[in-house]
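Worksheet: the structure to be examined is printed underneath.
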Protein chains: 2
Amino acid sequence: MALPKLDKNQAFFGTFIHSKSLGELEYLHNAAICVDRSGTIVAVEPNCNQQKAAETLYARLGWSLEDITITMSRDKRQFFFPGFVDAHVHASQYPNIGIFGKTTLLDWLNTYTFPTEASLASLPKARRVYTRCIRQGLAHGTTTAAYYATIDVNSTNLLADLCYSMGQRAFVGRVCMDHLGPDYYLDESVDHSIAATQATIEHIRSIDSGFELISPIITPRFAPACSGEMMSKLSEIQKQTQLPMQTHISENVNEIALVKELFPDRKSYADVYDAHGLLNEKMILAHAVHLTEEEADLIAERKAKVAHCPCSNSALSSGVARAARHAKLVSNHLIMPGGALHDLSPEERDKAKLSVEEVLYLATRGGAQVVGLADKIGGFEVGKQWDAQLLHTGVVPDEVAEDDYINYSNVDIFGWETWDEHIAKWVFNGDSRNVRKVWVRGRLVHELVLKQDG
Amino acid sequence: MALPKLDKNQAFFGTFIHSKSLGELEYLHNAAICVDRSGTIVAVEPNCNQQKAAETLYARLGWSLEDITITMSRDKRQFFFPGFVDAHVHASQYPNIGIFGKTTLLDWLNTYTFPTEASLASLPKARRVYTRCIRQGLAHGTTTAAYYATIDVNSTNLLADLCYSMGQRAFVGRVCMDHLGPDYYLDESVDHSIAATQATIEHIRSIDSGFELISPIITPRFAPACSGEMMSKLSEIQKQTQLPMQTHISENVNEIALVKELFPDRKSYADVYDAHGLLNEKMILAHAVHLTEEEADLIAERKAKVAHCPCSNSALSSGVARAARHAKLVSNHLIMPGGALHDLSPEERDKAKLSVEEVLYLATRGGAQVVGLADKIGGFEVGKQWDAQLLHTGVVPDEVAEDDYINYSNVDIFGWETWDEHIAKWVFNGDSRNVRKVWVRGRLVHELVLKQDG
């Protein structure tokens, strides 16, 4: 099936902010963006309002007024921003967020990950977990996600169905692992891994034939859990289909030692993937915390992509490598006294810290590059698709009441902030209370409803 | 004035959780806690419900049913927890939360801190900032705060008034700085620092004569901004009044170099305070990131207290030293490859990481010790005061709707979690949406109202 078109054309008015370059945001005030029924941006107009649009813009686009849905950002408290791209999400581990205790990677897998993933072979349970995972992502402005599901085909297909019906742009990967996993959670053979991967690809083709919203993604879990033969066969599928791929690399020092033991003939962890044909521009490598210089060079040469995962790295103490906010704080740690980069000069240290502008770039255009969609999403340009969020930050009233108990959000704007400061306060203090509306491919897929649940 | 008594006695029923020791939480299920009209806990009853309480407990306390307000925690989704103690808050810098950019401590002071603090000499502006700061603290469960205000006496007194009327337990410090600050924000003389400090002490005495809810706190900003004479005179006031004190120490390496330059005769930063009579069991030292072993020994010998400040340290890249959650993540960084404590053995590394139980202890009983209130707050025991919060975490429905857009909170409980896991998910994902009610000294000072602000 091809994706359905939207009922109406759309015009958005107000303030639009997006990344111009890695270090710079562009602010478009009093602007208009028009989005057609395929969800594509067809006009970005500075100095435009509803009257001007009605007078000239719509005519230029061949639009008639009754066919247009209009959305405004209101005053200085609201702005449109590109949706966030999360290049690495274990949807199946959503129930375990925050349960890290004193574990590091390898015992986390055995204690929490594998039992939870295995249990999602129950479709009612998988539906409950995945629905909430997708909703929380959308509610936080994540319009695109690259998901790991589980080894179960039906459950993986359900995740794809839910992303499609809930409207999130997604890469959905059936996890391949034929080695070293627990007996109760392991592909029984290489052929099983391959057949199961193909079954999910075919299922996604049946719901979204052009992979326009939902795409399969070939997903060998990580080298310690994959036989060489399985990786080679996945590489063949990838060469035939040109589908994206994802795996983990060099997240934890014990994991690296294990890879060395399992693949004694390979020069490095990265070389294991390269030798099995998995290292190319379609590969998303998650974590990549402890790469050697040679590995980094090899990955760069093969044009493979890296997903950063700062929240997971901190929680599991894997290294310094949720969210844009946490990436910023983690980068600050690098240059502290005692941090790995503290020996740099003060100027180099300042460069090593990620700025607010840089983390926002990474969360939008950077993420789009990693998942191979840089031409489609990540910024507000004609030809790109309308994957966007409307942000709202509270303004503290001039006469604020002592008994005002309303829980607006944690972003308190007083009105004297510059736009840069306003954005910094949003990045540092914001959460899903600030995300008022979310669109993917022009479709409104989330709208904030605040309510107490009992 | 003495504090007014509450209208009624109170009984709380349900699940109560508090720290038993640094590493262990105690869970009291199906329990009751009774709080009298002075806000003091007079009974902690395991295995008790409303009927049992009506039959025996109230009679034992000499209470009649019509004089009791009852509050329940409902099922597994709600529990009572002691209020949090924040041992170091710059109320006057509340508008700058999140605006850290690429700054480190000393330029942060000149660029953001001093101009903002100076501007709060305007009382309407100070009221707006302080009201919101106190409300956000209460909304997040912070029942006690040790505040730095500004050098302005009227504005500092206003902060004390607002804490009193809004019901937050607070230490309110008029900032003393007669050295090195900008011309527009500096005490004109030692005598001025001392007179202004005494004026704030007298003001607080006029609103809360026993310092039962609001206490003055003697506040030399930090050694670089204080003359030796001023510090010695503040020490005299402290010896006469036995009031608590607060200052900063060893937050940043450039700051430490500056102290060495300004006080060449002193052995260390800690020795500067000790030599001026400021290092005793009533002193709260904020940050203390880069202490030498000798300084740590001196501080321990003098029984001075340390406030940790992990959020600020990360944001300003000061070192490794918001919130309980961030303390945990920061401690994880210490033991990572490249982290300052990575050379420890795996067992020692596990010990160096703060556990969920430990950060909760630090945020309650630990904070109470630091501010000198360990006998009054921090846990649920007879004789302690009812400074508490009622937490609520959402339960994902068995059949969750794909179009359920309601923004409950980020803590999604599925129902299969153990209590330890439930608490870990709250610590890692929780925010003010989970804080339903907050009491200080038995008075209900916050109750969640969820509403969109436009």
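Among the listed pairs A:8/A:451; A:76/A:437; B:8/B:437; A:5/A:376; A:125/A:451; A:239/A:376, which are separated by more than 20 Å between their Cα atoms? Walk me through the intermediate numbers first.
Numbers: A:8/A:451 30 Å; A:76/A:437 16 Å; B:8/B:437 17 Å; A:5/A:376 17 Å; A:125/A:451 25 Å; A:239/A:376 23 Å.
Checking Cα-Cα distances, A:8/A:451; A:125/A:451; A:239/A:376 exceed 20 Å.
In Å and on Cα atoms, what radius of gyration and Dmax does chain B show?
22.7, 71
Determine ³J(HN,Hα), in whole Hz, for all residues of region B:41-50 in sequence, where each value follows from phi through the Karplus function 6.51 cos²θ - 1.76 cosθ + 1.60 and θ = phi - 60°; x replaces Gly and Pro.
Coupling constants for region B:41-50: 6, 10, 7, 10, 10, x, 6, 9, 9, 4 Hz.
If amide H atoms are built 1.01 Å from N in the plane of the peptide, which residues on other chains or at least 5 residues away come under 5 Å of the amide H of residue A:245?
Here A:218, A:283, A:284 satisfy the definition.
First check a/c for region A:146-260, with a ≥ b ≥ c the square roots of the eigenvalues of its C-alpha gyration tensor; if it is under 1.5, answer rounded, and if not, answer prolate when a/b is larger than b/c or oblate otherwise. Display every interim value, and only then the final one.
Details: a/c = 1.82, a/b = 1.71, b/c = 1.06.
Judged from the Cα gyration tensor, region A:146-260 comes out prolate (a/c at least 1.5, a/b above b/c).
Counting Lys +1, Arg +1, Asp -1, Glu -1, what net charge surrounds residue B:283 among other residues with beta carbon under 11 Å of its beta carbon?
On the way: positive: B:282, B:302, B:303, B:305; negative: B:274, B:281.
Once positives and negatives cancel, what remains is +2.
Along Cα→Cβ at 7 Å, what distances in nm separate the residue B:60 label point from those on the other copies, shortest first?
Sorted ascending, the copy-to-copy spacings read 8.0 nm.
Can you sort B:92, A:206, B:232 so the residue with the fewest Cβ neighbours within 10 Å comes first? Don't jump to the answer; show the numbers that get you there.
Values: B:92 27, A:206 11, B:232 15.
In increasing order of surrounding Cβ atoms, one gets A:206, B:232, B:92.
Mind running the shape call on region A:188-252? Use the C-alpha gyration tensor, a ≥ b ≥ c as the square roots of the eigenvalues: rounded below 1.5 for a/c, prolate if a/b tops b/c, oblate otherwise. Let's see the in-between values first.
Numbers: a/c = 2.18, a/b = 1.55, b/c = 1.41.
Prolate.
Using the alpha carbons of region A:62-135, what is the convex hull volume per residue in cubic angstrom, as a whole number? Spell out each step's value before the answer.
Numbers: hull volume 14.9 nm³, N = 74.
In region A:62-135, the Cα hull volume divided by residue count equals 201 Å³.
Averaged over all directions, how much area does the convex hull of the C-alpha atoms of region A:114-198 cover when projected, in nm²? Please list the in-between numbers first.
Working: hull surface 21.6 nm².
That works out to 5.4 nm², a quarter of the Cα hull's surface.
How would B:75, B:36, B:178 line up from fewest to most surrounding beta-carbon atoms within 10 angstrom?
On the way: B:75 11, B:36 19, B:178 23.
Taking fewest neighbouring Cβ atoms as first place, the list is B:75, B:36, B:178.
Output, in nm with one decimal and in ascending order, the distances from the residue A:75 label point to the matching label points of the other copies (7 Å from Cα along Cα-to-Cβ).
Shortest to longest, the spacings are 4.1 nm.
Can you give the local net charge around residue A:73? Use residues other than it whose beta-carbon is closer than 13 angstrom to its beta-carbon, Lys and Arg +1, Asp and Glu -1. Could you put the intermediate results ahead of the total?
Values: positive: A:74, A:76, A:77, A:436, A:437; negative: A:75.
That sum, taken over residues with Cβ under 13 Å, equals +4.
Residue B:213's amide H: which non-local residues (gap 5+, or another chain) put their own amide H closer than 5 Å, with H modeled 1.01 Å from N in plane and none for Pro or chain starts?
Sorted by chain and number, the residues that satisfy this come to none at all.
Determine the distance separating the Cα centre of region B:136-171 from the Cα centre of region A:13-78; give it in Å without decimals.
Between the Cα centres of region B:136-171 and region A:13-78 lies a distance of 44 Å.
Give me Rg over Rh for region A:33-173, both radii from the alpha carbons and Rh done the Kirkwood way, two decimal places.
Details: Rg = 20.8 Å, Rh = 18.1 Å.
Rounded to two decimals, Rg over Rh is 1.15.
Would region B:99-157 count as rounded, prolate or oblate if I go by the C-alpha gyration tensor, calling it rounded below 1.5 in a/c and otherwise prolate when a/b exceeds b/c, oblate otherwise?
Oblate.
What's the local net charge at residue A:243, with K and R +1, D and E -1, over the other residues with C-beta under 15 Å away? Walk me through the numbers before you get to the answer.
Numbers: positive: A:174, A:205, A:233, A:239, A:282, A:305; negative: A:202, A:208, A:212, A:236, A:281.
My count for the surroundings of residue A:243 gives +1.
Looking at chain B, send over the antiparallel percent of its DSSP beta bridges, to the nearest 5.
On the way: 28 of 60 bridges.
Of those bridges, close to 45 percent are antiparallel.
Looking at the protein assembly as shown, what % of its DSSP beta bridges pair antiparallel, to the nearest 5?
45
Rounded to whole Å and sorted largest first, list the principal axis extents of the Cα atoms in the protein assembly as shown.
84, 66, 59
Bear in mind these aren't lab numbers, they're just calculated from the coordinates by the rules spelled out. The model shown is predicted, which means the values in this text are computed figures rather than measured ones. Cβ sites come from the backbone with ideal geometry, for glycine too, and all protein chains shown count toward neighbours.
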